[in-house]
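The next block holds one structure in the form of structure tokens; read it before the comments.
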Ligand SMILES: Cc1cc2nc3c(=O)[nH]c(=O)nc-3n(C[C@H](O)[C@H](O)[C@H](O)COP(=O)(O)O)c2cc1C
């Protein structure tokens, strides 16, 4: 697949077929994703591939914790967001709302969906060794970018799931992840449900003039 076409086409998937993703396909995907550059080629990431009963068990734990602790998806801001960020957030809401299952509040759909990896058969948990400073989170971000694009080229849908970082301890316990690792992000992976209206939602981007400053 042409790289630029893939970049343009890709959007997050929030409804998946039950069809499991073949292990070889996940291996191929990870082989591509881990071609991502990283500082000093440290490749500071570790990926835990969770599927089958383990994935269902993990989802049950996360949904339960999310409800117990009233955790909700948010921008991770230190203070109130300036209006132009709020506007972008509202833009996403407007694209998703018309395609939500009837009577499902947006926040419930996102919170429960995220903890359930939107029903994807595979969840990837990406960790960073705590020996690193937050500077290495950038490397994980680059990896996730490669991951979602490679998945798209392999005809798989993905959704990055940041919400799960609120449950770092629960995830580590459930998956026997060593204490020195930090859960940075999850990614839902599976075959897109072509009939689900939610997958028709297509988020937009602001014109580059809004995010670029030129100095000449
Ligand atoms: C770091 C990161 C964390 C995210 N966390 C979540 C999440 O917890 N739940 C969710 O539904 N989507 C999550 N997303 C997906 C974004 O909402 C999505 O990428 C954004 O709205 C742009 O839409 P697109 O991926 O369809 O282009 C996350 C994306 C990123 C990059």
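Quick note: the coordinates plus some simple rules give every number you see, no bench work behind them. Keep in mind that what you see is a predicted model, and the values were worked out from it rather than measured. Cβ placement follows ideal geometry from the backbone for every residue including glycine, while neighbour counts extend to all protein chains displayed.
A few remarks follow.
- Alpha-carbon gyration tensor eigenvalues x 5, square-rooted, for region 3-201, Å: 24, 21, 19
- Pairs of alpha carbons in region 98-169 whose separation is greater than 20 Å (percent): 44
- Volume of the convex hull of region 11-114 (Cα atoms only), normalised per residue: 188 Å³.
- Listed residues 32, 118, 191, most fluctuating in the chain (Gaussian network, C-alpha, under 10 Å): 32
- Taking every alpha-carbon pair in region 9-59 and binning the separations at 5 Å intervals from zero gives 4, 13, 18, 24, 21, 12, 7, 1 percent.
- By average C-beta atoms within 10 angstrom, highest first, the peptides 17-25, 162-170: 162-170, 17-25
- Dimensionless Rg over Rh [region 104-216; C-alpha; Kirkwood]: 1.02
- Here region 158-216 yields Rg over Rh of 1.18, to two decimals, using C-alpha coordinates and the Kirkwood radius.
- The ranking of 129, 193, 210 by Cβ neighbour count inside 10 Å, starting from the fewest, reads 210, 129, 193.
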